[in-house]
1. To the nearest 10 square angstrom, how much accessible area does Ile34 have with a 1.4 angstrom probe?
2. For segment 31-116, just list the percent of Cα-Cα distances falling in each 10 Å bin from zero outward, please.
3. Using Cα positions and a limit of under 15 Å, work out the aspartates and glutamates in reach of Lys163, with same-chain residues fewer than 8 apart set aside.
4. Spin-label point model (7 Å from Cα, Cβ direction): what's the Lys260 to Ala72 distance in nm?
5. Let me know the Kirkwood hydrodynamic radius for the chain, please, with Cα pairs as the basis and the value in Å to one decimal.
6. Between Glu108 and Asp222, what is 0.36 nm times their sequence separation minus the Cα-Cα distance? Round to one decimal in nm.
7. With both partners inside the chain, how many of the DSSP beta bridges are antiparallel, as a percent to the nearest 5?
8. So for the pair Ser116, Asp8, with labels modelled 7 Å out along Cα→Cβ, what separation do we get in nm?
Amino acid sequence: APPAKIIDGKAIAQEIRDELAKEVQSLSRSHNEIPGLAMVIVGSRKDSRTYISLKKKACEEVGMRSFIVALAEDVSLADVVASIRELNADPDVHGILVQLPLPKHIDEEKVLSEISIEKDVDGFHPLNFGKLAMKGREPLFHPCTPQGFLELLSRSGISIKGKHAVVVGRSNIVGLPVSLLLLKADATVTIVHSHTRDPDRIIREADIIVAAAGQANMIKGDWIKPGAAVIDVGNNFVDDPSRTSGYRIVGDVDFQEASKVAGWLTLVPGGVGPMTFTMLLKNTLDAAKNKVLQ
Ligand code: NDP
(Lines give C-alpha, C1' and ligand atoms only; values in the text may rest on other atoms or scores of the structure.)
Protein backbone atom coordinates (compact mmCIF):
# COMPACT_ATOMS: atom_id res chain seq x y z
CA ALA A 1 0.00 0.00 0.00
CA PRO A 2 1.22 3.54 -0.71
CA PRO A 3 2.07 5.51 2.42
CA ALA A 4 -0.68 7.68 3.91
CA LYS A 5 -1.20 11.22 2.71
CA ILE A 6 -0.21 13.37 5.65
CA ILE A 7 -2.69 16.10 6.59
CA ASP A 8 -0.79 19.19 7.70
CA GLY A 9 -3.24 21.09 9.90
CA LYS A 10 -0.78 23.88 10.55
CA ALA A 11 -0.49 24.70 6.86
CA ILE A 12 -4.24 24.50 6.29
CA ALA A 13 -4.86 26.64 9.38
CA GLN A 14 -2.43 29.27 8.08
CA GLU A 15 -4.28 29.38 4.77
CA ILE A 16 -7.56 30.05 6.60
CA ARG A 17 -5.98 32.62 8.93
CA ASP A 18 -4.75 34.58 5.92
CA GLU A 19 -8.32 34.65 4.63
CA LEU A 20 -9.62 35.71 8.06
CA ALA A 21 -7.06 38.52 8.39
CA LYS A 22 -8.33 40.02 5.13
CA GLU A 23 -11.93 39.79 6.30
CA VAL A 24 -11.06 41.43 9.63
CA GLN A 25 -9.51 44.34 7.75
CA SER A 26 -12.45 44.79 5.45
CA LEU A 27 -14.95 44.66 8.33
CA SER A 28 -13.01 47.30 10.16
CA ARG A 29 -12.91 49.48 7.03
CA SER A 30 -16.57 49.04 6.15
CA HIS A 31 -18.14 49.15 9.64
CA ASN A 32 -15.38 50.38 11.95
CA GLU A 33 -15.84 47.16 13.95
CA ILE A 34 -12.87 45.12 15.17
CA PRO A 35 -13.74 41.59 16.26
CA GLY A 36 -12.92 41.05 19.94
CA LEU A 37 -12.62 37.79 21.88
CA ALA A 38 -12.90 37.70 25.67
CA MET A 39 -11.42 34.74 27.51
CA VAL A 40 -12.29 33.90 31.09
CA ILE A 41 -9.76 31.80 32.95
CA VAL A 42 -10.19 30.65 36.52
CA GLY A 43 -7.21 29.48 38.56
CA SER A 44 -3.67 28.79 37.43
CA ARG A 45 -3.63 25.46 35.58
CA LYS A 46 -0.53 25.51 33.46
CA ASP A 47 -2.12 23.95 30.36
CA SER A 48 -5.06 26.39 30.52
CA ARG A 49 -2.67 29.36 30.77
CA THR A 50 -0.72 28.09 27.79
CA TYR A 51 -3.90 27.68 25.71
CA ILE A 52 -5.07 31.20 26.63
CA SER A 53 -1.80 32.82 25.65
CA LEU A 54 -1.74 30.91 22.36
CA LYS A 55 -5.31 32.01 21.62
CA LYS A 56 -4.39 35.61 22.42
CA LYS A 57 -1.45 35.42 20.03
CA ALA A 58 -3.68 33.90 17.33
CA CYS A 59 -6.11 36.83 17.72
CA GLU A 60 -3.33 39.37 17.33
CA GLU A 61 -2.02 37.67 14.20
CA VAL A 62 -5.29 38.21 12.36
CA GLY A 63 -5.84 41.72 13.71
CA MET A 64 -8.51 40.90 16.28
CA ARG A 65 -8.71 42.20 19.83
CA SER A 66 -8.53 39.92 22.82
CA PHE A 67 -9.43 40.48 26.45
CA ILE A 68 -8.35 38.18 29.25
CA VAL A 69 -10.32 38.01 32.47
CA ALA A 70 -8.21 36.05 34.96
CA LEU A 71 -9.99 35.04 38.16
CA ALA A 72 -8.50 33.46 41.28
CA GLU A 73 -8.85 29.72 41.91
CA ASP A 74 -11.12 30.39 44.92
CA VAL A 75 -13.44 32.86 43.16
CA SER A 76 -17.18 32.43 43.85
CA LEU A 77 -19.67 31.27 41.23
CA ALA A 78 -21.47 34.62 41.64
CA ASP A 79 -18.31 36.50 40.70
CA VAL A 80 -17.70 34.34 37.62
CA VAL A 81 -21.29 34.93 36.54
CA ALA A 82 -20.91 38.69 37.15
CA SER A 83 -17.83 38.75 34.88
CA ILE A 84 -19.71 36.96 32.12
CA ARG A 85 -22.63 39.38 32.36
CA GLU A 86 -20.24 42.30 32.06
CA LEU A 87 -18.74 40.77 28.91
CA ASN A 88 -22.23 40.08 27.52
CA ALA A 89 -22.95 43.81 27.80
CA ASP A 90 -19.61 45.02 26.41
CA PRO A 91 -19.96 46.17 22.77
CA ASP A 92 -16.24 45.63 22.08
CA VAL A 93 -16.59 41.94 22.95
CA HIS A 94 -18.07 39.78 20.16
CA GLY A 95 -17.04 36.37 21.44
CA ILE A 96 -16.75 34.95 24.96
CA LEU A 97 -15.04 31.73 25.91
CA VAL A 98 -14.61 30.16 29.30
CA GLN A 99 -11.46 28.07 29.50
CA LEU A 100 -12.35 24.57 30.71
CA PRO A 101 -12.01 22.73 32.99
CA LEU A 102 -13.21 25.02 35.79
CA PRO A 103 -12.30 24.36 39.43
CA LYS A 104 -14.62 21.79 41.01
CA HIS A 105 -16.58 24.26 43.15
CA ILE A 106 -17.70 26.23 40.07
CA ASP A 107 -20.76 24.81 38.29
CA GLU A 108 -19.73 24.58 34.63
CA GLU A 109 -23.29 24.24 33.38
CA LYS A 110 -24.41 27.42 35.16
CA VAL A 111 -21.43 29.38 33.84
CA LEU A 112 -21.81 28.28 30.22
CA SER A 113 -25.56 29.01 30.30
CA GLU A 114 -24.81 32.63 31.22
CA ILE A 115 -22.96 33.38 27.98
CA SER A 116 -25.12 35.32 25.54
CA ILE A 117 -25.77 32.88 22.66
CA GLU A 118 -24.78 35.56 20.13
CA LYS A 119 -21.31 35.59 21.76
CA ASP A 120 -21.02 31.84 22.40
CA VAL A 121 -18.06 31.28 20.05
CA ASP A 122 -17.17 27.94 21.69
CA GLY A 123 -20.68 26.66 20.95
CA PHE A 124 -21.08 25.17 24.43
CA HIS A 125 -24.20 27.09 25.48
CA PRO A 126 -26.89 24.42 25.93
CA LEU A 127 -29.10 26.13 23.36
CA ASN A 128 -26.40 26.09 20.68
CA PHE A 129 -25.38 22.55 21.58
CA GLY A 130 -29.00 21.42 21.62
CA LYS A 131 -29.55 22.75 18.10
CA LEU A 132 -26.39 20.95 17.01
CA ALA A 133 -28.02 17.72 18.16
CA MET A 134 -31.36 18.33 16.40
CA LYS A 135 -32.15 17.46 12.84
CA GLY A 136 -33.00 20.50 10.71
CA ARG A 137 -31.69 23.00 13.28
CA GLU A 138 -28.50 25.00 13.12
CA PRO A 139 -26.68 26.48 16.11
CA LEU A 140 -25.22 29.99 15.81
CA PHE A 141 -21.76 28.49 16.40
CA HIS A 142 -20.25 25.03 16.09
CA PRO A 143 -17.74 23.94 18.77
CA CYS A 144 -14.24 24.74 17.50
CA THR A 145 -12.46 21.38 17.54
CA PRO A 146 -15.25 19.54 15.69
CA GLN A 147 -15.59 22.39 13.20
CA GLY A 148 -11.83 22.40 12.62
CA PHE A 149 -11.95 18.67 12.09
CA LEU A 150 -14.65 19.02 9.39
CA GLU A 151 -12.68 21.78 7.69
CA LEU A 152 -9.59 19.53 7.62
CA LEU A 153 -11.58 16.81 5.89
CA SER A 154 -13.13 19.11 3.31
CA ARG A 155 -9.86 20.88 2.50
CA SER A 156 -8.17 17.48 2.13
CA GLY A 157 -10.85 16.30 -0.29
CA ILE A 158 -12.23 13.57 1.99
CA SER A 159 -15.97 13.05 1.55
CA ILE A 160 -18.22 12.10 4.46
CA LYS A 161 -21.63 11.24 3.00
CA GLY A 162 -22.42 7.53 3.31
CA LYS A 163 -19.09 6.70 4.98
CA HIS A 164 -18.78 4.74 8.21
CA ALA A 165 -17.15 7.01 10.78
CA VAL A 166 -15.98 5.65 14.11
CA VAL A 167 -15.42 8.28 16.79
CA VAL A 168 -13.35 7.20 19.79
CA GLY A 169 -14.46 9.33 22.74
CA ARG A 170 -17.77 10.98 23.71
CA SER A 171 -16.79 14.12 25.65
CA ASN A 172 -18.83 17.31 25.35
CA ILE A 173 -15.80 19.10 23.93
CA VAL A 174 -14.72 16.67 21.23
CA GLY A 175 -16.24 13.21 20.81
CA LEU A 176 -19.94 14.01 21.10
CA PRO A 177 -20.04 17.16 18.92
CA VAL A 178 -17.77 15.50 16.33
CA SER A 179 -20.24 12.60 16.17
CA LEU A 180 -23.20 14.95 15.77
CA LEU A 181 -21.52 16.92 12.98
CA LEU A 182 -20.61 13.72 11.14
CA LEU A 183 -24.20 12.55 11.46
CA LYS A 184 -25.42 15.89 10.04
CA ALA A 185 -22.99 15.37 7.16
CA ASP A 186 -24.68 12.00 6.43
CA ALA A 187 -22.04 9.62 7.78
CA THR A 188 -23.02 6.45 9.60
CA VAL A 189 -21.56 7.03 13.02
CA THR A 190 -20.37 4.61 15.70
CA ILE A 191 -19.14 6.00 19.00
CA VAL A 192 -16.55 4.04 20.97
CA HIS A 193 -15.99 4.86 24.65
CA SER A 194 -14.41 3.35 27.73
CA HIS A 195 -17.13 0.69 28.14
CA THR A 196 -17.07 -0.45 24.50
CA ARG A 197 -16.21 -4.12 24.00
CA ASP A 198 -13.63 -4.99 21.33
CA PRO A 199 -12.94 -1.43 20.19
CA ASP A 200 -10.31 -2.67 17.71
CA ARG A 201 -12.89 -4.76 15.85
CA ILE A 202 -15.24 -1.79 15.51
CA ILE A 203 -12.52 0.69 14.56
CA ARG A 204 -11.30 -1.68 11.83
CA GLU A 205 -14.63 -1.20 10.01
CA ALA A 206 -14.23 2.58 9.78
CA ASP A 207 -13.72 4.59 6.61
CA ILE A 208 -13.08 7.61 8.85
CA ILE A 209 -11.52 7.23 12.31
CA VAL A 210 -11.61 10.11 14.76
CA ALA A 211 -9.37 9.41 17.73
CA ALA A 212 -10.30 11.53 20.76
CA ALA A 213 -9.77 9.30 23.78
CA GLY A 214 -6.74 11.02 25.27
CA GLN A 215 -4.81 7.69 25.33
CA ALA A 216 -1.29 7.85 23.92
CA ASN A 217 -0.74 5.56 20.90
CA MET A 218 -3.85 3.53 21.68
CA ILE A 219 -4.83 2.86 18.06
CA LYS A 220 -2.43 0.47 16.35
CA GLY A 221 -1.74 -0.01 12.66
CA ASP A 222 -3.69 -3.28 12.47
CA TRP A 223 -6.80 -1.56 13.90
CA ILE A 224 -7.02 0.52 10.73
CA LYS A 225 -8.71 -0.49 7.48
CA PRO A 226 -6.29 0.10 4.60
CA GLY A 227 -7.03 3.47 3.00
CA ALA A 228 -9.06 4.86 5.90
CA ALA A 229 -8.89 8.55 6.84
CA VAL A 230 -7.44 8.82 10.33
CA ILE A 231 -7.92 12.08 12.22
CA ASP A 232 -6.02 12.11 15.48
CA VAL A 233 -7.36 14.66 17.95
CA GLY A 234 -5.34 13.30 20.88
CA ASN A 235 -2.85 15.59 22.55
CA ASN A 236 -0.99 13.48 25.09
CA PHE A 237 2.07 14.55 27.03
CA VAL A 238 4.54 11.67 27.46
CA ASP A 239 7.89 11.79 29.27
CA ASP A 240 10.88 12.12 26.99
CA PRO A 241 14.19 12.63 28.79
CA SER A 242 15.95 13.17 25.44
CA ARG A 243 14.19 16.53 25.11
CA THR A 244 15.06 19.67 27.02
CA SER A 245 11.39 20.11 27.90
CA GLY A 246 11.35 16.59 29.35
CA TYR A 247 8.23 15.64 27.38
CA ARG A 248 6.82 15.28 23.93
CA ILE A 249 3.29 15.32 22.57
CA VAL A 250 1.85 12.23 20.91
CA GLY A 251 -1.58 11.45 19.55
CA ASP A 252 -4.02 8.61 20.25
CA VAL A 253 -2.84 6.84 17.11
CA ASP A 254 0.49 5.06 16.67
CA PHE A 255 1.75 7.36 13.92
CA GLN A 256 4.52 5.13 12.53
CA GLU A 257 2.26 2.10 12.19
CA ALA A 258 -0.74 4.08 10.94
CA SER A 259 1.26 5.87 8.25
CA LYS A 260 1.80 2.51 6.52
CA VAL A 261 -1.90 1.59 6.40
CA ALA A 262 -4.08 4.71 6.43
CA GLY A 263 -5.11 6.63 3.32
CA TRP A 264 -4.86 9.95 5.17
CA LEU A 265 -3.35 10.73 8.54
CA THR A 266 -3.09 13.95 10.55
CA LEU A 267 0.09 15.16 12.21
CA VAL A 268 0.31 15.44 16.01
CA PRO A 269 1.13 18.11 16.95
CA GLY A 270 0.21 20.25 13.96
CA GLY A 271 -3.02 18.53 12.96
CA VAL A 272 -6.31 19.31 14.64
CA GLY A 273 -4.85 21.68 17.26
CA PRO A 274 -4.08 24.66 14.99
CA MET A 275 -7.46 24.18 13.31
CA THR A 276 -9.24 24.47 16.67
CA PHE A 277 -7.72 27.89 17.35
CA THR A 278 -8.45 28.99 13.81
CA MET A 279 -12.14 28.11 14.12
CA LEU A 280 -12.29 30.14 17.32
CA LEU A 281 -11.07 33.14 15.30
CA LYS A 282 -13.55 32.39 12.54
CA ASN A 283 -16.44 32.17 15.02
CA THR A 284 -15.41 35.47 16.60
CA LEU A 285 -15.30 37.13 13.19
CA ASP A 286 -18.73 35.65 12.40
CA ALA A 287 -20.08 37.00 15.70
CA ALA A 288 -18.84 40.48 14.79
CA LYS A 289 -20.29 40.18 11.28
CA ASN A 290 -23.64 39.00 12.68
CA LYS A 291 -23.71 42.06 14.93
CA VAL A 292 -23.12 44.68 12.24
CA LEU A 293 -24.65 43.04 9.20
CA GLN A 294 -28.09 42.16 10.52
P1 NDP B 1 -11.97 13.39 27.91
O2 NDP B 1 -11.03 12.76 28.86
O3 NDP B 1 -12.98 14.36 28.38
O4 NDP B 1 -12.76 12.25 27.12
C5 NDP B 1 -12.13 11.10 26.67
C6 NDP B 1 -13.16 10.19 26.03
O7 NDP B 1 -12.50 9.02 25.55
C8 NDP B 1 -14.24 9.71 26.99
O9 NDP B 1 -15.48 9.71 26.32
C10 NDP B 1 -13.80 8.29 27.35
O11 NDP B 1 -14.87 7.40 27.58
C12 NDP B 1 -13.07 7.86 26.10
N13 NDP B 1 -12.00 6.91 26.39
C14 NDP B 1 -11.01 7.05 27.30
N15 NDP B 1 -10.21 5.97 27.28
C16 NDP B 1 -10.70 5.13 26.34
C17 NDP B 1 -10.32 3.86 25.85
N18 NDP B 1 -9.25 3.22 26.33
N19 NDP B 1 -11.07 3.30 24.89
C20 NDP B 1 -12.15 3.93 24.38
N21 NDP B 1 -12.56 5.14 24.80
C22 NDP B 1 -11.84 5.73 25.77
O23 NDP B 1 -11.05 14.05 26.80
P24 NDP B 1 -11.36 15.19 25.71
O25 NDP B 1 -12.47 14.77 24.84
O26 NDP B 1 -11.41 16.51 26.34
O27 NDP B 1 -10.00 15.13 24.87
C28 NDP B 1 -9.62 13.97 24.17
C29 NDP B 1 -8.23 14.17 23.61
O30 NDP B 1 -8.24 15.22 22.67
C31 NDP B 1 -7.18 14.55 24.64
O32 NDP B 1 -5.94 13.97 24.29
C33 NDP B 1 -7.11 16.06 24.52
O34 NDP B 1 -5.85 16.57 24.90
C35 NDP B 1 -7.31 16.23 23.05
N36 NDP B 1 -7.88 17.51 22.65
C37 NDP B 1 -7.36 18.10 21.54
C38 NDP B 1 -7.87 19.27 21.07
C39 NDP B 1 -7.28 19.85 19.84
O40 NDP B 1 -7.68 20.90 19.42
N41 NDP B 1 -6.32 19.18 19.21
C42 NDP B 1 -8.96 19.99 21.75
C43 NDP B 1 -9.49 19.26 22.89
C44 NDP B 1 -8.95 18.08 23.30
P45 NDP B 1 -15.95 7.59 28.79
O46 NDP B 1 -16.89 8.64 28.31
O47 NDP B 1 -16.59 6.26 28.89
O48 NDP B 1 -15.16 7.99 29.98
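1. Taking all protein chains as shown, Ile34 has close to 50 Å².
2. With a bin width of 10 Å, the distribution comes to 17, 50, 28, 4, 0.
3. Asp186, Glu205, Asp207
4. 5.7
5. Working: mean 1/r = 0.0503 Å⁻¹.
One decimal place: 19.9 Å for the Kirkwood radius.
6. 37.1 nm is the gain from fully extending Glu108 to Asp222.
7. 10
8. 4.1
The values are calculated or read from the model by the stated rules, or taken from the named source; none is laboratory data. Keep in mind that what you see is a predicted model, and the values were worked out from it rather than measured. With ideal geometry, Cβ positions are generated from the backbone for all residues, glycine too; neighbour counts draw on all protein chains shown. Keep in mind that these areas ignore ligands, DNA and RNA; they rest on the heavy atoms of the full protein, side chains included. Shrake-Rupley method; radii C 1.70, N 1.55, O 1.52, S 1.80 Å.
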